[in-house]
Every structure is written in C-alpha cells, then in structure tokens.
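Down below is the structure, laid out as structure tokens.
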Amino acid sequence: MVIGILGGGQLGRMLALAGYELGLRFRFLDPSPKAPAGHVGDLVVGDYLDPAAVDRFAAGCEVITYEFENVPVEAVKKLAARLPVYPPVRALEVGQDRIAEKTLFASLGLEVPAFRAVGSSAEVRAAAREIGLPAVLKTRRMGYDGKGQAVIRTEVEMEAAWARIGEHPGGLILEQMVAFERELSVISVRSRSGEMRYYPLIENVHAGGILARSTAPAPRVSAALRARAESAARAVAAHLNYVGVLTLELFQVGERLLVNEMAPRVHNSGHWTIDGSVAGQFENHVRAVAGWPLGSTAMAAESVAMMNLVGHIPDRAAVLEVPGAHLHLYGKSPRPGRKVGHITIAGSTADVKAAEARLATIVQRS
Ligand code: AMP
C-alpha cells in the first residue's frame, strides 16, 4: 500500500519511518525540493494547488493523509473526491482557523479562553474591554510556534500589537491571556471503526513560543483531570468523525482544563512516543489511516522526557554517550528558531531527570 502524505517535513519523515516497519510505502508532496521527508521516500516537488503536481503525487496512492496543517483546504477537497483522505477535510478546515476551532470546542461544552474575532483596532479596544487585559492578539490563520502573536498588557500596547500584525489577511482573534499553571497536551488516535486510544497526559514547556521540552506522563495528574482531557479529545474526534492522531493543547488552571488549540495530525509533544510507548504516535497514525487495528498507547518506561533541538545540532557523540538517550535528527540545516531534531530519554523518573540535566548542559555547550 502506498500512503500519500501532504507535506514533507519531519512529521512526514517520522510517519514514513514508522510505516516502513509495517511494509508500507510513502509518497510526499511538498513545494520544497529540500523537504526532509525526501530523504526517506518518494518526493513530488510542487505546489499543493498545482493540478499536475497533485496528479503525479496521487497516482498509485491508496490513501492520503497530511502532516502539515496549512495545506490549502481546496487542494485536499479535490483529492478527497478521488481517494480516501484521513483525517477528514473538515478537521483540517477547523484546525486552520482559531475562531472555528474555539467555536467548535465551546459548542461541545469544552472550556476555552474567552475570545473575540477582531477586524480593526477599534474592535480590539472593544473586545479588550469585554475580555480584560492582559490579552493575546493572534492571527486567525497560519500562526505556529508563537508566530503571528502579540501579548497586550496595557492600552498602549494595543496600538503596537495592531500595527505589527493587524493587517494579516484572514483576520485576527483576541484571547484572554490565561494565567495557567502549566501547559498539557493530550494525544489521541481514532481508527476508521471509531475506536479511540489515548497516550498519557503530557506536560509541555515552551521557550520563545516554541516547544522546548515534554514530559510524560505529566506529573501530578489526577484521574479526574486525565478523564476530562480524554473526554475532550473524544468529543472533538467523534464530532469530526475523525481518523488518525488528534492532539489537543491544553492550559491547566487548578483542576480546570482550557482547550487552546487542536492539531489534526501527529504532534511535536508526542515525539517521545517513538521510544517511550508500546506503539508510537507515528505508527498509530499510519495504522489508523491504513484501516488497521490500533497499537497500544501504554508507556514502555516509567517516565519519558523529550527535548527539542532548535536552531543547532549539538555534539552528537556527547549526546549518544548519555545512557538511555535517543537522538533523532531530521536532516535539516540549522537556522535560528528551526526545529532540527529531538532527544528522548526513557527510564525511571530519577534516571530521566539526571539524564535530562546532563543533556541540557551538552545542548547548551555545543
Ligand atoms: P499557540 O500558537 O496558540 O499554541 O500559542 C503558542 C504559545 O503561546 C502557547 O503554547 C502558550 O504558551 C502561549 N499562549 C497562547 N495563547 C495563550 C493564552 N490565551 N493565554 C496564555 N498563553 C497563551
């Protein structure tokens, strides 16, 4: 079976690496000839909206999925008319628009930060009066890794925020800034027959808007909190008739969980599952879209930590010397703010903490 993947980034590459073990083949469509998935599969270089490129990509594929959430919806709709596409196009459409996303969550009874759609600086002022400050102004579309966002703490900062991102096509959203205790994510997977499985809740730490570290299972999680996160994922997935891996990013405030956003795809906060789970998120996404039974989402170790490598590649030998460390590099050339790889450490909680401290020093030093 050939699976076609829209997007040829590291997520596509890791999907293919997991799928090869199951005897599958992969083809990618990406506008860049340097897309890192091209090192491990057949890469069609072309625009998502170029019919000839899409034809070359789709020929011989049995099923299509995507690893990049800003693929144009029209392109995916056209593909969906001729081949099965998972997750469904509607999930992509919702995931691309912060207003649609939060409106869906709220309609399903999930708690979200207070928000308003805004189209002018006067509307930002009016929305800020209702929501209160501090607030976060974000582009509705195409935002990722903290890009297209401005924190507004005072009236004066409102104008500066608007001047910086206000003209973004597609409009903006003003959100209440949540004083969360921590950020969590729940990664779930739903099969074609509607079966769902969940990885343990993950604690995430960001630096400069980019995920820096994830820990699984998130420490100090009550059974009730976990159940609430899983039921949120279940509600969204069932509503969308979802197939594949679905991630919800959450803010924890006491025992409350506010849903920040969804990713209709495998997620950076789940990279630890490759080495730390019985079946990782990439394998489970492939199983789901191929129409196969899901694998176990149980942990393969007591604790797992994942460190993102952003902007530079550390001394490989020093990393590989750390017992239990797994190094994953994506074949990308380093650039400031660019995710070029990650390191996973799995083991006992104490061993993981010690290895993490040692790795942090190595990464900083090199
Ligand atoms: P996002 O692109 O929405 O995932 O935002 C990137 C990061 O900015 C999040 O992981 C949070 O650390 C922070 N952030 C985003 N929205 C809010 C909010 N409404 N309140 C507090 N922090 C936020």
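We did not get these values from a lab; they are worked out from the coordinates using the rules stated. Worth saying up front: this structure is predicted, and the values here are computed from it rather than measured. Cβ sites come from the backbone with ideal geometry, for glycine too, and all protein chains shown count toward neighbours.
Across the alpha-carbon set of the chain, the Rg to Rh ratio works out to 0.96, Rh being the Kirkwood radius.
Using the structure shown, select from 34/353; 102/353; 77/147; 138/332 the pairs with a Cα to Cα distance greater than 30 angstrom. Where the Cα-Cα span goes over 30 Å, the pairs concerned are 34/353; 102/353.
When shorter helices are ignored and each DSSP H run of at least 4 residues is given -39500 (n - 2.57), the per-residue value for the chain at 222 nm works out to -9500 deg cm²/dmol. Once the stretch 114-176 is represented by equal point scatterers at the alpha-carbon sites, with solvent omitted, what log10 I(q)/I(0) does the Debye formula produce at q = 0.12, 0.15, 0.27 Å⁻¹? Each listed q maps to, in turn, -0.22, -0.34, -1.20. Ordered by the count of other Cβ atoms within 10 Å of each Cβ, fewest first, 272, 162, 292 give 292, 162, 272.
Between residue 167 and residue 103, what is the FRET efficiency for a Förster distance of 25 Å, r being their Cβ-Cβ separation, to the nearest 0.05? E between residue 167 and residue 103, to the nearest 0.05, is 0.60.
Can you give me the C-alpha center-to-center distance between the stretch 304-321 and the stretch 54-95, rounded to a whole angstrom? Their Cα centres are 33 Å away from one another.
Given their separation in residues at 0.36 nm each and the Cα-Cα distance between them, residue 278 and residue 1 gain 97.4 nm when the chain is fully extended. Put in order of Cβ neighbour count within 10 Å, fewest first, the listed residues 112, 186, 73, 85 become 73, 112, 85, 186. Please list, by residue number, everything in the stretch 190-205 whose backbone N is under 13 Å from a paramagnetic label point 7 Å out along Cα→Cβ of residue 241. Answer for the stretch 190-205: 192-194.
For an R0 of 30 angstrom, estimate the FRET efficiency from the Cβ-Cβ distance between residue 77 and residue 338 and round to the nearest 0.05. Computed FRET efficiency for residue 77 and residue 338 comes out at 0.45.
The Kirkwood hydrodynamic radius of the stretch 182-365, based on inverse pair distances between different Cα atoms, is 16.8 Å.
When each of 306, 196 is scored by the number of other beta-carbon atoms lying within 10 Å, the sequence from fewest to most is 196, 306. When the chain is treated as a Gaussian network with alpha carbon springs shorter than 10 Å, the biggest mean-square fluctuation among 187, 99, 165 belongs to 165.
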